[in-house]
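Here the structure is laid out as structure tokens; the discussion comes afterwards.
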Amino acid sequence: MKSRTATVALMHARDKWTWLFIPWMVLLSSFIVNFAIGLIARPENFTTGGLMSILIYMLVAGIVVIHQTFSFALGLCITRRSYFAGTVAAAGGYILLSAVLLAVLLLLEQATEGWGVGLHFFELPYLSDSGAGLALWTFFILLLFMFFGGLTIGSLFRRFGKQGLLFFFLAATLVFGGWTAVVTAMDWWRGVGGWLMKLDFTIVQTTFLLLACTLVLAAVSYLLLRRATVQA
Amino acid sequence: MHAAELKGLTKSYGGQHALDGITLKMEENRIYGLLGRNGAGKTTLMHVLTAQLFATSGEVKVFGSDPFENEEALRKICFIKESQKYPENFRVCDVLAVASSLYPRWSAETAEQLLKEFRLPQNKRVKKLSRGMLSAVGIIVGLASRAELTLFDEPYLGLDAVAREIFYRNLIQEYAELPRTIVLSSHLIDEVSGLLEHIYLIDRGRLILDEEAELLRSRAYSVAGPAAKVDAFLGGRSVLGKEQLGGFLRASVLGELGEGGMAAARTAGLEAAPLSLQQLVVQMTGNEAGYEEGSA
């Protein structure tokens, strides 16, 4: 008799398409296109935004996973706590696997001087020569952050429905838009820029900042799910 | 300890009561029928019982404790519903694998047996199954789970008569082998009435009947015959409903007919018979005003 959290994790793990095949198909197809460009056009040392595809995919996976499995799990009388813990465990595992694959590919890319065509596909800005360990960590945190971002949106939808989500984005747009308007009107951009420059985060510091944000998102998402219901 | 206990359970949506002050106690190891029309609140009640929905007020207990986030209690419940959603890429065997690891008393044998009887292809994606096959998946999970409290909410949508027979037969067999509390919500009342030991009837969110199935047999009857004679016979009795066809009248009457009543009906040249469960439910929930105890 397994713990129910483990059952939830294994339930997700059964879905290799969502977690492994599709994101990597998306990423590798982007890679192939860029590699072809490298072969044909022969630009010198070019970087692509291809890595974004897997990050965006993780955001989508976070949104979709709740829609796909929450009612199923609760229908089988799994607690929201076990559901959340199992989902995080499964996603964390697959994300770690993806981060390792990305780091290995980055090493290969560096060893082959950009796959022989000067293509910098797996390279993150400011991370070109900081070693595989930091690259692995950064990939992991970035993917995790995107996933929990999606999970929070998915939980918001599950908890408050379409209107709730709409309202949230409307409110967010208003707050952010209002802030930008104020800063522009008062001509504060220079000050804001100066403040950001002064902070001068290193990559490692930035990853920990992201990690903190991720934890907050995780907490929010859990609290939302705890009050979420299954109607039909 | 009771398998389930509800006290003054109310669930409302913006002032509308989906469930209105429901109080009931389900004993362990019995088969309950949860009857009522569409929208009466049966599904809502089961969702509250499994903590998928929250009660607006009132108390819910499953095996003695609140089911919300209560793994101990929820482990003992299996809820099969017509509207159950499954993950996009899941095959039948994935569903069974997940369910089997959730329920401590899961019977692989029962699952295997039912897969064969329903002729369900194990490797087919659940999304691609026909309505009937989808219902079969739920039934297999429900019976093989052997959960202490098993809830079936309209479990046979799209199943043909043969498949429904398979369900009923296996339900009885499973119940005999390993008694458990079973709640069956159904529209096909005549089909299941033989299985049910206790009846709950819900109408517009209110529990209007809570009675042993045995006792219900003597709770209402019908009399039929020439209209004038039937009317004479009905004087002072609590009439549930009347159907007239020319000079012929059939009336459903609440109350015990008894030996005396039976004899009186016979001497008046009337036919009297106990009301079937289905007829009783139709009479009690069919009218627009809703059923009121004692109304004639």
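Please identify the pairs in which a residue from the stretch A:88-99 that is β-branched (Val, Ile, Thr) has its Cβ atom under 6 Å from the Cβ atom of a residue that is assigned to a helix (DSSP H, G or I), counting only partners at least 6 apart or on another chain.
Correct list of pairs: A:Ile95/A:Leu143; A:Ile95/A:Leu144.
Looking at B:Ala111 and the list (1) touching a Ser or Thr at 6+ places or on another chain (Cβ under 8 Å); (2) assigned to a helix (DSSP H, G or I); (3) closer than 16 Å to B:Ser185 by Cβ, which single condition is not satisfied?
(3)
Pull out all pairs, ordered by first then second residue, where Cβ-Cβ is under 8 Å, the residues are six or more apart or on different chains, the first lies in the stretch A:53-81 and is closer than 17 Å to A:Phe21 by Cα and of a type in the set (Phe, Trp, Tyr), and the second is in a helix (DSSP H, G or I) and open to solvent by 10 Å² or more (accessible area, probe 1.4 Å).
Within 8 Å, the pairs are A:Tyr57/A:Ile22; A:Tyr57/A:Val26.
Name the single residue, out of those in the stretch B:187-212 being in a helix (DSSP H, G or I) and under 25 Å from B:Glu243 (Cα atoms), that is least open to solvent (accessible area, probe 1.4 Å). Even if it seems obvious, please write down each step before you answer.
Narrowing the stretch B:187-212 to residues in a helix (DSSP H, G or I): B:189-192.
Next, from what is left, pick out any that are under 25 Å from B:Glu243 (Cα atoms): B:189-191.
Working: B:Ile189: 13, B:Asp190: 89, B:Glu191: 76 Å².
In this case the residue turns out to be B:Ile189.
Among the residues in the stretch B:139-151, are any among the small types (Gly, Ala, Ser), open to solvent by 20 Å² or more (accessible area, probe 1.4 Å) and either at the interface with chain A (Cβ under 10 Å from one of its Cβ atoms) or assigned to a loop (DSSP other than H, G, I, E, B) (or both)?
no
Take the stretch B:245-255 and flag every residue that is out of contact with any strand residue (DSSP E or B) (no Cβ under 8 Å at 6 or more places or on another chain) and either of a type in the set (Asp, Glu) or not in a loop (DSSP other than H, G, I, E, B) (or both).
Keep residues of the stretch B:245-255 that are out of contact with any strand residue (DSSP E or B) (no Cβ under 8 Å at 6 or more places or on another chain), which gives B:245-246.
Listed by number, the list holds a single entry, B:Leu245.
With A:Gly154, A:Gly164, A:Gly133, A:Gly177 as the choices, which residue is open to solvent by 40 Å² or more (accessible area, probe 1.4 Å) and over 20 Å from A:Gly49 (Cα atoms)?
A:Gly133
Quick one: would you say A:Leu96 is open to solvent by 30 Å² or more (accessible area, probe 1.4 Å), farther than 29 Å from B:Leu49 by Cα and modelled with pLDDT of 95 or more? Even if it seems obvious, please write down each step before you answer.
Numbers: open to solvent by 30 Å² or more (accessible area, probe 1.4 Å): yes; farther than 29 Å from B:Leu49 by Cα: yes; modelled with pLDDT of 95 or more: yes.
Here the answer is yes, as A:Leu96 does meet what is asked.
Quick check, is B:Thr56 open to solvent by less than 10 Å² (accessible area, probe 1.4 Å), touching a residue at least 24 places away in the same chain (Cβ under 8 Å) and within 14 Å of chain A (Cβ to nearest Cβ)?
On the way: open to solvent by less than 10 Å² (accessible area, probe 1.4 Å): no; touching a residue at least 24 places away in the same chain (Cβ under 8 Å): yes; within 14 Å of chain A (Cβ to nearest Cβ): yes.
So B:Thr56 does not fit the description; no.
Could you go through the stretch B:243-253 and let me know if any residue there is open to solvent by less than 30 Å² (accessible area, probe 1.4 Å), under 23 Å from B:Arg204 (Cβ atoms) and modelled with pLDDT under 85.
no
Can you say whether B:Arg30 is open to solvent by 20 Å² or more (accessible area, probe 1.4 Å), of a type in the set (D, E, K, R) and over 25 Å from B:His187 (Cα atoms), as far as the supplied structure shows? Before you say what the answer is, go through the steps one by one.
Details: open to solvent by 20 Å² or more (accessible area, probe 1.4 Å): yes; of a type in the set (D, E, K, R): yes; over 25 Å from B:His187 (Cα atoms): no.
So B:Arg30 does not fit the description; no.
Evaluate the following for B:Ile80: is it open to solvent by less than 50 Å² (accessible area, probe 1.4 Å), outside any loop (DSSP other than H, G, I, E, B) and within 10 Å of chain A (Cβ to nearest Cβ)?
Judged against the criteria, B:Ile80 is a match.
The values are calculated or read from the model by the stated rules, or taken from the named source; none is laboratory data. None of these values were measured; they are calculated from a predicted model. Note: ideal-geometry Cβ built from the backbone for every residue, glycine included; neighbour counts use all protein chains shown. Keep in mind that these areas ignore ligands, DNA and RNA; they rest on the heavy atoms of the full protein, side chains included. Shrake-Rupley method; radii C 1.70, N 1.55, O 1.52, S 1.80 Å.
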